1. May I ask you to say which residue of Leu110, Leu128, Leu102 is in a loop (DSSP other than H, G, I, E, B) and not acidic (Asp, Glu)?
2. Being touching a residue at least 40 places away in the same chain (Cβ under 8 Å) and surrounded by 12 or more Cβ atoms within 10 Å (Cβ to Cβ) is the filter; apply it to region 83-101 and report the residue that is farthest from Asn59 (Cα to Cα).
3. Starting from residues that are modelled with pLDDT under 90 and part of a helix (DSSP H, G or I), keep the ones in region 18-33 and report whichever is most open to solvent (accessible area, probe 1.4 Å).
4. Which pairs turn up if I take residues in region 126-143 that are over 20 Å from Arg115 (Cβ atoms) and look for partners that are outside any loop (DSSP other than H, G, I, E, B) with beta carbon separation below 8 Å, at least 6 apart in sequence or on another chain?
5. Considering (1) at pLDDT below 90; (2) surrounded by 13 or more Cβ atoms within 10 Å (Cβ to Cβ), say which one Glu37 fails and leave the rest.
6. Exactly one of (1) surrounded by 12 or more Cβ atoms within 10 Å (Cβ to Cβ); (2) among the charged types (D, E, K, R); (3) farther than 30 Å from Asn59 by Cβ is unmet by Arg149. Its number?
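The values are calculated or read from the model by the stated rules, or taken from the named source; none is laboratory data. Values in this document were obtained by computation on a predicted structure and should not be read as measured data. Here the Cβ is made from the backbone with ideal geometry for all residues, glycine too, and neighbour counts use every protein chain on show. Remember, those area values only see protein heavy atoms, side chains included, never the ligands or the DNA or RNA. Shrake-Rupley method; radii C 1.70, N 1.55, O 1.52, S 1.80 Å.
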Amino acid sequence: MKRTLLIVAVLFCAAPARAQQSAEDRFRSLPAEKQEELRRRFRELQSLPPAERAELRRNLERLDAMPPADRRAVLENYRRFEQMTPEERQQILQRWKEFRSLPPEKRADLRQQLRRIMDADPAERRQLLDNMGRWERMTPEQREEMRQRFRERREQRRQERQERRQERQERRQERRQDRRG
């Protein structure tokens, strides 16, 4: 709920800030029920601890500093989040909490992997997402078996590359000797 409130407050503050009229004029031009909803949200915002309010301010500043395309993407993500069921939202928030608890280098790695998935062509993206779904459904034992297979394949490819390098090097040496000889 606090995350949702945070997002709502950020969006509420960000969108009207761009209008030319004063905040008071904008507020007064809203329907009575919308004014009451905003009052309620403002009271909820004011009831938050100072640290959470400061986090909201920082998030709003980050949103305001974003290029318009990025800002639109954030707002679209929020719109999709709001359309989710409460259970889906809770799952997303739980995963976000888990992500935030990871070390910075692991978070950076996951962001890079996500970018790779998002930049992939649709067929490849579907395959990657299907693989991720299968991974989620595996037991810990099955996952460990897959990890072991992956390590073995990686080691085999490493050895094959090493052998090819060695063969190329030997052929180069033979050619050099033929030229000298």
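1. Leu102
2. Arg89
3. Residue satisfying both the conditions and the ranking: Arg28.
4. Sorted first by the residue in region 126-143, then by its partner, the pairs are Met138/Met146; Arg143/Trp135.
5. (1)
6. Unmet condition: (1).
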